[in-house]
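Colleague: Structure incoming, see below.
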Amino acid sequence: MKYFGTDGFRGRANENLCVEHALKIGQFLGWYFGAHSGNKNPKCVIGKDTRRSSYMFEYALAAGLTSSGCDAYLMHVTSTPSVSYITKTEKFNFGIMITASHNPYHDNGIKIIDKDGYKMDEEVLAMAEQYIDGEISIEAAPSEGIGRCQDYLMGRNKYISYLSSIPKHSFRGYRIGLDCANGCASTLAKTVFDMLGADTYVCGNEPDGFNINKDCGSTHMEKFRQFVTDNNLDMGFAFDGDADRCLCVDERGNIVDGDGIIYTASNYLKEKGQLVDDTAVVTVMSNLGLFLALKDKGIKTVTTDVGDKYVSAQIKEHDYSVGGEQSGHIIFNRYACTGDGILTAIMMTQICVDKKTVFSNLTNGLNILPQKLKNITVANKDEIMEKKEVLDYIDRINKELDGVGRLLLRKSGTEPLIRIMVEHQTLKKCDEYIKDAEDFIMNL
(Lines give C-alpha, C1' and ligand atoms only; values in the text may rest on other atoms or scores of the structure.)
Protein backbone atom coordinates (compact mmCIF):
# COMPACT_ATOMS: atom_id res chain seq x y z
CA MET A 1 0.00 0.00 0.00
CA LYS A 2 1.12 3.57 -0.64
CA TYR A 3 0.43 5.21 2.73
CA PHE A 4 -0.78 2.61 5.22
CA GLY A 5 1.85 0.12 6.35
CA THR A 6 1.72 -2.62 8.97
CA ASP A 7 1.35 0.00 11.70
CA GLY A 8 -0.89 2.62 10.07
CA PHE A 9 -0.04 5.74 8.09
CA ARG A 10 3.27 6.87 9.57
CA GLY A 11 5.65 9.67 8.61
CA ARG A 12 7.39 12.85 9.65
CA ALA A 13 4.83 15.44 10.75
CA ASN A 14 4.18 18.24 8.24
CA GLU A 15 6.41 16.53 5.67
CA ASN A 16 5.07 13.19 4.46
CA LEU A 17 2.22 13.09 6.97
CA CYS A 18 0.30 16.37 6.86
CA VAL A 19 -2.91 17.91 8.13
CA GLU A 20 -4.44 17.43 4.68
CA HIS A 21 -3.90 13.68 4.96
CA ALA A 22 -5.64 13.56 8.34
CA LEU A 23 -8.53 15.70 7.10
CA LYS A 24 -9.08 13.45 4.08
CA ILE A 25 -8.82 10.27 6.14
CA GLY A 26 -11.49 11.65 8.45
CA GLN A 27 -13.70 12.69 5.53
CA PHE A 28 -13.42 9.29 3.88
CA LEU A 29 -14.00 7.20 7.01
CA GLY A 30 -16.98 9.32 8.06
CA TRP A 31 -18.52 8.89 4.63
CA TYR A 32 -17.63 5.19 4.31
CA PHE A 33 -19.12 4.11 7.64
CA GLY A 34 -22.13 6.31 7.11
CA ALA A 35 -22.75 4.52 3.82
CA HIS A 36 -21.93 1.00 5.00
CA SER A 37 -22.97 0.79 8.65
CA GLY A 38 -26.66 1.49 8.24
CA ASN A 39 -26.20 4.36 10.67
CA LYS A 40 -26.72 7.89 9.36
CA ASN A 41 -24.36 9.22 12.04
CA PRO A 42 -21.67 6.60 12.71
CA LYS A 43 -19.47 6.99 15.81
CA CYS A 44 -15.68 7.12 16.02
CA VAL A 45 -13.49 7.33 19.12
CA ILE A 46 -10.11 9.07 18.83
CA GLY A 47 -7.05 8.83 21.06
CA LYS A 48 -3.64 10.45 20.75
CA ASP A 49 -0.15 10.32 22.23
CA THR A 50 1.80 13.25 23.66
CA ARG A 51 3.60 14.48 20.52
CA ARG A 52 3.12 18.16 19.76
CA SER A 53 1.77 17.26 16.31
CA SER A 54 -0.87 14.89 17.72
CA TYR A 55 -3.08 17.83 18.61
CA MET A 56 -3.29 19.20 15.07
CA PHE A 57 -3.95 15.73 13.66
CA GLU A 58 -6.66 15.13 16.27
CA TYR A 59 -8.59 18.21 15.25
CA ALA A 60 -8.02 17.66 11.52
CA LEU A 61 -9.41 14.14 11.83
CA ALA A 62 -12.36 15.40 13.89
CA ALA A 63 -13.11 18.08 11.28
CA GLY A 64 -13.03 15.54 8.46
CA LEU A 65 -15.19 13.05 10.34
CA THR A 66 -17.87 15.52 11.36
CA SER A 67 -18.00 17.07 7.88
CA SER A 68 -18.98 13.63 6.58
CA GLY A 69 -21.66 13.11 9.21
CA CYS A 70 -19.68 11.07 11.75
CA ASP A 71 -19.73 11.78 15.49
CA ALA A 72 -16.21 12.06 16.93
CA TYR A 73 -15.52 11.21 20.58
CA LEU A 74 -12.16 12.49 21.87
CA MET A 75 -10.37 10.49 24.54
CA HIS A 76 -7.39 12.85 24.24
CA VAL A 77 -4.05 11.45 25.55
CA THR A 78 -4.56 7.74 25.99
CA SER A 79 -3.02 4.47 24.85
CA THR A 80 -3.53 2.52 21.64
CA PRO A 81 -4.92 -0.52 23.51
CA SER A 82 -7.40 1.69 25.36
CA VAL A 83 -8.82 2.91 22.03
CA SER A 84 -9.06 -0.71 20.86
CA TYR A 85 -10.84 -1.72 24.07
CA ILE A 86 -13.31 1.18 24.05
CA THR A 87 -14.06 0.82 20.32
CA LYS A 88 -15.09 -2.78 20.91
CA THR A 89 -16.84 -2.60 24.27
CA GLU A 90 -18.69 0.68 23.70
CA LYS A 91 -19.78 -0.36 20.20
CA PHE A 92 -18.16 2.39 18.15
CA ASN A 93 -18.15 1.88 14.40
CA PHE A 94 -14.38 2.35 14.37
CA GLY A 95 -11.54 3.98 16.27
CA ILE A 96 -8.49 6.08 15.44
CA MET A 97 -5.21 6.34 17.34
CA ILE A 98 -2.75 9.14 16.57
CA THR A 99 0.75 7.91 17.37
CA ALA A 100 4.11 6.89 15.99
CA SER A 101 4.61 4.45 18.86
CA HIS A 102 8.32 4.19 19.79
CA ASN A 103 9.53 6.72 17.15
CA PRO A 104 10.93 10.19 18.02
CA TYR A 105 8.59 13.15 18.50
CA HIS A 106 8.98 14.48 14.94
CA ASP A 107 7.27 11.38 13.52
CA ASN A 108 3.59 10.64 13.89
CA GLY A 109 1.03 8.18 12.60
CA ILE A 110 -2.65 7.39 12.19
CA LYS A 111 -3.87 3.91 13.12
CA ILE A 112 -7.39 2.86 12.14
CA ILE A 113 -9.16 0.30 14.33
CA ASP A 114 -12.21 -1.74 13.34
CA LYS A 115 -15.34 -2.23 15.46
CA ASP A 116 -13.91 -5.39 17.05
CA GLY A 117 -10.72 -3.67 18.22
CA TYR A 118 -8.43 -5.05 15.52
CA LYS A 119 -6.56 -3.22 12.77
CA MET A 120 -8.83 -2.02 9.99
CA ASP A 121 -9.37 -4.23 6.96
CA GLU A 122 -6.88 -3.42 4.21
CA GLU A 123 -9.66 -3.09 1.64
CA VAL A 124 -11.01 -0.06 3.53
CA LEU A 125 -7.53 1.43 3.88
CA ALA A 126 -6.92 0.97 0.14
CA MET A 127 -10.07 2.95 -0.60
CA ALA A 128 -8.93 5.66 1.83
CA GLU A 129 -5.67 5.90 -0.12
CA GLN A 130 -7.61 6.29 -3.35
CA TYR A 131 -9.55 9.19 -1.83
CA ILE A 132 -6.36 10.84 -0.57
CA ASP A 133 -4.96 10.69 -4.12
CA GLY A 134 -8.16 12.02 -5.68
CA GLU A 135 -9.02 8.79 -7.45
CA ILE A 136 -12.50 8.56 -5.94
CA SER A 137 -14.90 11.22 -4.69
CA ILE A 138 -17.38 11.37 -1.80
CA GLU A 139 -20.19 13.66 -0.75
CA ALA A 140 -20.05 15.87 2.33
CA ALA A 141 -22.92 15.64 4.78
CA PRO A 142 -25.82 18.06 4.31
CA SER A 143 -26.04 20.88 6.87
CA GLU A 144 -28.53 18.99 9.00
CA GLY A 145 -26.39 15.84 8.89
CA ILE A 146 -23.06 17.24 10.12
CA GLY A 147 -21.61 15.18 12.97
CA ARG A 148 -20.79 16.38 16.44
CA CYS A 149 -17.49 16.36 18.34
CA GLN A 150 -17.30 15.85 22.10
CA ASP A 151 -14.86 15.06 24.88
CA TYR A 152 -14.91 11.45 26.01
CA LEU A 153 -12.65 11.16 29.04
CA MET A 154 -15.21 8.69 30.33
CA GLY A 155 -13.74 6.17 27.89
CA ARG A 156 -10.29 6.45 29.44
CA ASN A 157 -11.79 6.03 32.91
CA LYS A 158 -13.67 2.90 31.83
CA TYR A 159 -10.44 1.42 30.51
CA ILE A 160 -8.62 2.18 33.78
CA SER A 161 -11.43 0.52 35.74
CA TYR A 162 -11.25 -2.52 33.47
CA LEU A 163 -7.52 -2.99 33.93
CA SER A 164 -7.75 -2.59 37.69
CA SER A 165 -10.43 -5.32 37.82
CA ILE A 166 -8.23 -8.01 36.26
CA PRO A 167 -5.85 -9.15 39.05
CA LYS A 168 -7.12 -11.57 41.68
CA HIS A 169 -4.65 -10.37 44.29
CA SER A 170 -3.77 -6.97 45.69
CA PHE A 171 -0.31 -5.63 44.85
CA ARG A 172 -0.03 -4.11 48.31
CA GLY A 173 3.51 -4.18 49.69
CA TYR A 174 5.18 -4.38 46.27
CA ARG A 175 7.47 -1.57 45.19
CA ILE A 176 6.99 -1.14 41.45
CA GLY A 177 8.74 1.18 39.00
CA LEU A 178 6.97 2.58 35.94
CA ASP A 179 8.76 4.28 33.04
CA CYS A 180 6.02 5.97 31.03
CA ALA A 181 8.28 7.06 28.12
CA ASN A 182 6.84 10.58 28.41
CA GLY A 183 3.97 9.15 26.42
CA CYS A 184 0.46 7.77 26.78
CA ALA A 185 1.19 5.72 29.88
CA SER A 186 1.68 9.00 31.76
CA THR A 187 -2.11 9.37 32.00
CA LEU A 188 -2.81 5.73 32.88
CA ALA A 189 -0.14 3.51 34.44
CA LYS A 190 0.33 5.09 37.87
CA THR A 191 -3.42 5.39 38.42
CA VAL A 192 -3.92 1.69 37.65
CA PHE A 193 -1.10 0.46 39.89
CA ASP A 194 -2.11 2.82 42.70
CA MET A 195 -5.64 1.40 42.53
CA LEU A 196 -4.15 -2.10 42.80
CA GLY A 197 -2.34 -1.16 46.00
CA ALA A 198 1.26 -1.02 44.79
CA ASP A 199 3.84 1.48 45.98
CA THR A 200 4.61 3.15 42.66
CA TYR A 201 7.80 4.91 41.62
CA VAL A 202 7.38 6.73 38.32
CA CYS A 203 9.73 8.29 35.78
CA GLY A 204 9.30 9.43 32.19
CA ASN A 205 5.94 10.98 33.12
CA GLU A 206 6.53 14.65 32.26
CA PRO A 207 5.69 14.90 28.55
CA ASP A 208 6.33 18.26 26.88
CA GLY A 209 5.43 17.37 23.30
CA PHE A 210 9.05 16.74 22.29
CA ASN A 211 10.47 14.26 24.82
CA ILE A 212 8.34 11.19 24.02
CA ASN A 213 10.65 8.11 23.94
CA LYS A 214 13.70 10.36 24.42
CA ASP A 215 16.23 8.52 26.59
CA CYS A 216 13.39 6.73 28.34
CA GLY A 217 10.82 4.00 27.91
CA SER A 218 11.22 0.54 26.43
CA THR A 219 13.67 1.71 23.74
CA HIS A 220 16.15 3.25 26.22
CA MET A 221 16.38 1.06 29.30
CA GLU A 222 19.73 1.93 30.93
CA LYS A 223 18.51 4.78 33.17
CA PHE A 224 15.44 2.82 34.18
CA ARG A 225 17.51 -0.21 35.18
CA GLN A 226 19.46 2.08 37.49
CA PHE A 227 16.22 3.64 38.72
CA VAL A 228 14.92 0.21 39.78
CA THR A 229 18.06 -0.79 41.67
CA ASP A 230 18.66 2.66 43.24
CA ASN A 231 15.15 2.62 44.70
CA ASN A 232 15.32 -1.03 45.80
CA LEU A 233 12.22 -1.85 43.77
CA ASP A 234 10.75 -5.32 43.42
CA MET A 235 10.30 -4.89 39.67
CA GLY A 236 9.92 -2.26 36.98
CA PHE A 237 7.99 -1.86 33.74
CA ALA A 238 8.95 0.37 30.81
CA PHE A 239 6.42 1.29 28.12
CA ASP A 240 6.74 2.83 24.68
CA GLY A 241 5.10 6.01 23.42
CA ASP A 242 1.62 4.60 22.87
CA ALA A 243 1.86 2.02 25.68
CA ASP A 244 1.18 -1.05 23.58
CA ARG A 245 4.58 -2.51 24.52
CA CYS A 246 6.23 -3.34 27.82
CA LEU A 247 9.68 -4.52 28.85
CA CYS A 248 10.44 -5.53 32.42
CA VAL A 249 13.33 -5.02 34.82
CA ASP A 250 13.83 -7.46 37.70
CA GLU A 251 14.93 -6.55 41.21
CA ARG A 252 18.57 -6.96 40.18
CA GLY A 253 18.29 -4.52 37.29
CA ASN A 254 18.23 -7.16 34.56
CA ILE A 255 16.00 -6.64 31.52
CA VAL A 256 13.26 -9.17 30.81
CA ASP A 257 12.25 -8.70 27.18
CA GLY A 258 9.28 -10.04 25.23
CA ASP A 259 10.79 -13.51 25.04
CA GLY A 260 11.10 -13.62 28.83
CA ILE A 261 7.52 -12.38 29.20
CA ILE A 262 6.15 -15.03 26.81
CA TYR A 263 8.15 -17.74 28.60
CA THR A 264 6.86 -16.66 32.01
CA ALA A 265 3.25 -16.21 30.92
CA SER A 266 3.12 -19.47 28.95
CA ASN A 267 4.45 -21.50 31.86
CA TYR A 268 2.04 -19.84 34.28
CA LEU A 269 -1.00 -20.33 32.05
CA LYS A 270 -0.05 -23.97 31.40
CA GLU A 271 0.23 -24.58 35.14
CA LYS A 272 -3.25 -23.10 35.55
CA GLY A 273 -4.67 -25.17 32.69
CA GLN A 274 -5.38 -21.99 30.72
CA LEU A 275 -2.87 -22.26 27.86
CA VAL A 276 -4.96 -23.20 24.82
CA ASP A 277 -3.46 -26.22 23.02
CA ASP A 278 -0.33 -25.74 25.19
CA THR A 279 0.85 -23.30 22.52
CA ALA A 280 2.50 -19.86 22.47
CA VAL A 281 2.72 -17.64 19.38
CA VAL A 282 6.13 -16.12 18.66
CA THR A 283 7.93 -14.55 15.70
CA VAL A 284 10.92 -15.66 13.67
CA MET A 285 13.01 -13.14 15.67
CA SER A 286 12.30 -14.82 19.00
CA ASN A 287 15.51 -16.17 20.51
CA LEU A 288 16.39 -19.82 19.93
CA GLY A 289 16.73 -20.08 23.70
CA LEU A 290 13.01 -19.38 24.04
CA PHE A 291 12.08 -22.16 21.59
CA LEU A 292 14.29 -24.64 23.48
CA ALA A 293 13.03 -23.58 26.92
CA LEU A 294 9.36 -23.79 25.93
CA LYS A 295 9.90 -27.20 24.34
CA ASP A 296 11.50 -28.37 27.58
CA LYS A 297 8.34 -27.29 29.41
CA GLY A 298 6.08 -29.15 26.99
CA ILE A 299 4.88 -25.98 25.30
CA LYS A 300 4.53 -25.82 21.52
CA THR A 301 5.26 -22.72 19.46
CA VAL A 302 3.60 -21.26 16.38
CA THR A 303 6.01 -18.96 14.55
CA THR A 304 4.96 -15.95 12.49
CA ASP A 305 6.75 -13.27 10.51
CA VAL A 306 7.83 -10.14 12.39
CA GLY A 307 4.93 -7.78 13.09
CA ASP A 308 2.20 -7.70 15.70
CA LYS A 309 -0.48 -8.06 13.03
CA TYR A 310 0.85 -11.54 12.17
CA VAL A 311 0.89 -12.60 15.82
CA SER A 312 -2.61 -11.19 16.26
CA ALA A 313 -3.90 -13.06 13.20
CA GLN A 314 -2.68 -16.42 14.54
CA ILE A 315 -4.12 -15.80 17.98
CA LYS A 316 -7.44 -14.68 16.53
CA GLU A 317 -7.71 -17.63 14.13
CA HIS A 318 -6.92 -20.35 16.66
CA ASP A 319 -7.93 -18.63 19.91
CA TYR A 320 -4.45 -19.11 21.39
CA SER A 321 -3.90 -17.66 24.86
CA VAL A 322 -0.70 -15.65 24.50
CA GLY A 323 1.82 -14.49 21.94
CA GLY A 324 4.09 -11.63 21.07
CA GLU A 325 7.42 -10.20 20.05
CA GLN A 326 10.81 -9.60 21.64
CA SER A 327 10.02 -5.88 21.60
CA GLY A 328 7.44 -6.41 24.34
CA HIS A 329 4.32 -6.29 22.19
CA ILE A 330 2.40 -9.06 24.00
CA ILE A 331 -1.20 -10.17 23.47
CA PHE A 332 -3.10 -11.79 26.34
CA ASN A 333 -6.11 -13.05 24.43
CA ARG A 334 -8.37 -13.52 27.43
CA TYR A 335 -8.23 -9.81 28.24
CA ALA A 336 -7.39 -7.92 25.03
CA CYS A 337 -7.26 -8.38 21.28
CA THR A 338 -4.13 -6.26 20.85
CA GLY A 339 -0.80 -5.78 22.55
CA ASP A 340 -1.18 -3.82 25.79
CA GLY A 341 1.86 -2.69 27.77
CA ILE A 342 0.02 -1.86 31.00
CA LEU A 343 -1.92 -5.13 30.86
CA THR A 344 1.38 -6.97 30.37
CA ALA A 345 2.81 -5.24 33.45
CA ILE A 346 -0.28 -6.24 35.44
CA MET A 347 -0.05 -9.87 34.31
CA MET A 348 3.66 -10.14 35.16
CA THR A 349 3.06 -8.61 38.59
CA GLN A 350 0.14 -10.95 39.19
CA ILE A 351 2.29 -13.97 38.34
CA CYS A 352 4.99 -12.79 40.74
CA VAL A 353 2.45 -12.19 43.52
CA ASP A 354 0.67 -15.50 42.93
CA LYS A 355 3.91 -17.47 42.96
CA LYS A 356 5.15 -15.60 46.06
CA THR A 357 8.61 -15.25 44.56
CA VAL A 358 11.05 -12.57 43.48
CA PHE A 359 10.76 -11.33 39.90
CA SER A 360 14.11 -12.73 38.75
CA ASN A 361 12.92 -16.28 39.50
CA LEU A 362 10.15 -16.06 36.91
CA THR A 363 12.53 -16.73 34.02
CA ASN A 364 14.41 -19.63 35.62
CA GLY A 365 15.04 -22.22 32.91
CA LEU A 366 15.24 -19.69 30.09
CA ASN A 367 18.73 -19.32 28.67
CA ILE A 368 18.85 -16.61 26.03
CA LEU A 369 21.55 -17.17 23.41
CA PRO A 370 23.73 -14.24 22.29
CA GLN A 371 22.16 -12.62 19.23
CA LYS A 372 23.67 -10.31 16.62
CA LEU A 373 21.85 -8.32 13.94
CA LYS A 374 23.08 -6.55 10.82
CA ASN A 375 21.30 -4.77 7.97
CA ILE A 376 22.68 -4.93 4.44
CA THR A 377 21.57 -2.39 1.83
CA VAL A 378 20.77 -4.11 -1.48
CA ALA A 379 19.42 -3.13 -4.88
CA ASN A 380 16.61 -5.71 -5.03
CA LYS A 381 15.71 -7.41 -1.77
CA ASP A 382 12.89 -9.49 -3.30
CA GLU A 383 15.10 -10.89 -6.05
CA ILE A 384 17.83 -11.82 -3.58
CA MET A 385 15.53 -13.62 -1.15
CA GLU A 386 14.00 -15.64 -4.00
CA LYS A 387 17.36 -16.96 -5.28
CA LYS A 388 17.82 -20.70 -4.87
CA GLU A 389 21.44 -20.26 -3.77
CA VAL A 390 20.31 -18.00 -0.92
CA LEU A 391 17.77 -20.54 0.29
CA ASP A 392 20.39 -23.29 -0.02
CA TYR A 393 22.89 -21.16 1.92
CA ILE A 394 20.43 -20.61 4.79
CA ASP A 395 19.65 -24.32 4.92
CA ARG A 396 23.35 -25.30 4.86
CA ILE A 397 24.35 -22.92 7.65
CA ASN A 398 21.47 -23.96 9.91
CA LYS A 399 22.33 -27.63 9.43
CA GLU A 400 25.92 -26.74 10.32
CA LEU A 401 24.76 -24.96 13.49
CA ASP A 402 22.58 -27.99 14.35
CA GLY A 403 20.74 -26.67 17.40
CA VAL A 404 23.58 -24.64 18.97
CA GLY A 405 22.61 -21.58 16.98
CA ARG A 406 20.75 -20.39 13.91
CA LEU A 407 20.88 -18.00 10.96
CA LEU A 408 17.93 -15.95 9.75
CA LEU A 409 17.88 -13.82 6.61
CA ARG A 410 14.80 -11.75 5.88
CA LYS A 411 13.92 -8.69 3.85
CA SER A 412 12.79 -5.45 5.42
CA GLY A 413 9.13 -4.64 4.92
CA THR A 414 9.77 -0.93 4.31
CA GLU A 415 13.43 -0.40 3.33
CA PRO A 416 15.85 -1.80 0.67
CA LEU A 417 17.52 -4.02 3.27
CA ILE A 418 18.30 -7.64 3.95
CA ARG A 419 18.35 -8.25 7.69
CA ILE A 420 20.85 -10.81 9.00
CA MET A 421 20.30 -12.36 12.42
CA VAL A 422 22.63 -14.91 13.98
CA GLU A 423 22.30 -16.63 17.35
CA HIS A 424 25.02 -18.79 18.87
CA GLN A 425 26.35 -19.84 22.23
CA THR A 426 29.23 -17.38 21.85
CA LEU A 427 29.37 -13.80 20.56
CA LYS A 428 32.56 -14.64 18.66
CA LYS A 429 30.72 -17.22 16.57
CA CYS A 430 27.84 -14.77 16.04
CA ASP A 431 30.29 -12.28 14.56
CA GLU A 432 31.88 -14.93 12.33
CA TYR A 433 28.56 -16.09 10.89
CA ILE A 434 27.35 -12.50 10.43
CA LYS A 435 30.49 -11.71 8.42
CA ASP A 436 30.13 -14.88 6.36
CA ALA A 437 26.48 -14.11 5.54
CA GLU A 438 27.28 -10.49 4.66
CA ASP A 439 30.07 -11.59 2.29
CA PHE A 440 27.77 -14.17 0.71
CA ILE A 441 25.04 -11.60 0.01
CA MET A 442 27.37 -8.93 -1.29
CA ASN A 443 29.04 -11.39 -3.69
CA LEU A 444 25.82 -12.66 -5.27
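The values are calculated or read from the model by the stated rules, or taken from the named source; none is laboratory data. Since this is a predicted model, take the numbers as computed values, not measurements. With ideal geometry, Cβ positions are generated from the backbone for all residues, glycine too; neighbour counts draw on all protein chains shown.
Colleague: Has region 251-265 got at least one residue that is over 14 Å from the mean Cα position of the chain (by Cα) and closer than 11 Å to Gly177 by Cβ?
Modeller: yes
Colleague: Got at least one residue in region 435-444 being over 29 Å from Arg10 (Cβ atoms) and either crowded, with 19+ Cβ neighbours inside 10 Å or under 29 Å from the mean Cα position of the chain (by Cα) (or both)?
Modeller: Scanning region 435-444 turns up at least one residue that is over 29 Å from Arg10 (Cβ atoms) and either crowded, with 19+ Cβ neighbours inside 10 Å or under 29 Å from the mean Cα position of the chain (by Cα) (or both).
Colleague: Related question: Starting from residues that are at pLDDT 95 or above and more than 22 Å from the chain's Cα centre (by Cα), keep the ones in region 290-299 and report whichever is surrounded by the most Cβ atoms within 10 Å (Cβ to Cβ).
Modeller: Ranking the qualifying residues of region 290-299, first place goes to Leu294.
Colleague: Tell me the residue from Ser286, Ser266 that is closer than 12 Å to Leu366 by Cβ, in contact (Cβ under 8 Å) with a residue 40 or more places away in the chain, polar (S, T, N, Q) and part of a loop (DSSP other than H, G, I, E, B), please. Give the derivation first.
Modeller: Details: Ser266 fails: part of a loop (DSSP other than H, G, I, E, B).
One residue alone meets the criteria, Ser286.
Colleague: Cβ-Cβ distance below 6 Å, separation of 6 or more or different chains: which pairs start in region 1-12 with a residue that is in contact (Cβ under 8 Å) with a residue 12 or more places away in the chain and end on one that is of a type in the set (Lys, Arg) and surrounded by fewer than 19 Cβ atoms within 10 Å (Cβ to Cβ)?
Modeller: Once the first residue is in contact (Cβ under 8 Å) with a residue 12 or more places away in the chain and sits in region 1-12, its partners that are of a type in the set (Lys, Arg) and surrounded by fewer than 19 Cβ atoms within 10 Å (Cβ to Cβ) give Thr6/Lys309.
Colleague: Moving on. Among the residues of region 1-51, write down those that are within 25 Å of Gly209 (Cα to Cα), assigned to a helix (DSSP H, G or I) and not hydrophobic (A, V, I, L, M, F, W, C).
Modeller: Hits for region 1-51 are Glu20, His21, Lys24, Gly26.
Colleague: Just the residues that are among the basic types (Lys, Arg) and outside any loop (DSSP other than H, G, I, E, B), please, taken from region 298-335.
Modeller: In the first step, residues of region 298-335 are kept if they are among the basic types (Lys, Arg); the result is 300, 309, 316, 334.
Matches in region 298-335: Lys300, Lys309, Lys316.
Colleague: So Leu269 ticks every box in (1) in contact with a Gly (Cβ under 7 Å, 6 or more places away or on another chain); (2) surrounded by 18 or more Cβ atoms within 10 Å (Cβ to Cβ) but one. Which box is left unticked?
Modeller: (1)
Colleague: Still on this structure, please answer the following. If you scan region 160-190, which residues turn out to be small (Gly, Ala, Ser) and free of Cβ contacts under 8 Å to residues at least 24 places away in the same chain? Full working, then the answer.
Modeller: Applying the first criterion (small (Gly, Ala, Ser)) to region 160-190 yields 161, 164-165, 170, 173, 177, 181, 183, 185-186, 189.
Of everything in region 160-190, those that are small (Gly, Ala, Ser) and free of Cβ contacts under 8 Å to residues at least 24 places away in the same chain turn out to be Ser161, Ser165.
Colleague: Considering every residue within region 245-255, establish whether at least one is in a helix (DSSP H, G or I) and at pLDDT 95 or above. Show your work before the answer.
Modeller: Applying the first criterion (in a helix (DSSP H, G or I)) to region 245-255 yields none.
There is no residue in region 245-255 that is in a helix (DSSP H, G or I) and at pLDDT 95 or above.
Colleague: Oh, and also: Within region 304-336, how many residues turn out to be touching a strand residue (DSSP E or B) at 6+ places or on another chain (Cβ under 6 Å), of a type in the set (S, T, N, Q) and within 23 Å of Ile255 (Cα to Cα)?
Modeller: 0
Colleague: Any residue in region 240-263 that's under 16 Å from Thr349 (Cα atoms): show its pairings with residues that are part of a loop (DSSP other than H, G, I, E, B) and acidic (Asp, Glu) at Cβ separation under 6 Å, as long as the two are six or more apart or on different chains.
Modeller: The qualifying pairs are Leu247/Asp257; Glu251/Asp234; Gly258/Glu325.
Colleague: Of the residues that make up region 273-284, is at least one farther than 24 Å from Ile160 by Cα, modelled with pLDDT under 95 and more than 15 Å from the chain's Cα centre (by Cα)?
Modeller: yes
Colleague: Only residues that are within 11 Å of Ala181 (Cβ to Cβ) and among the hydrophobic types (A, V, I, L, M, F, W, C): list them for region 238-250, please.
Modeller: Ala238, Phe239, Ala243, Cys246, Leu247
Colleague: Among all residue pairs at least 6 apart or on different chains, which show Cβ distances below 8 Å where the first residue, located in region 359-372, is touching a residue at least 60 places away in the same chain (Cβ under 8 Å) and more than 17 Å from Cys248 (Cβ to Cβ) and the second is acidic (Asp, Glu) and in a helix (DSSP H, G or I)?
Modeller: Going by the 8 Å Cβ cut-off, the qualifying pairs are Lys372/Asp431.
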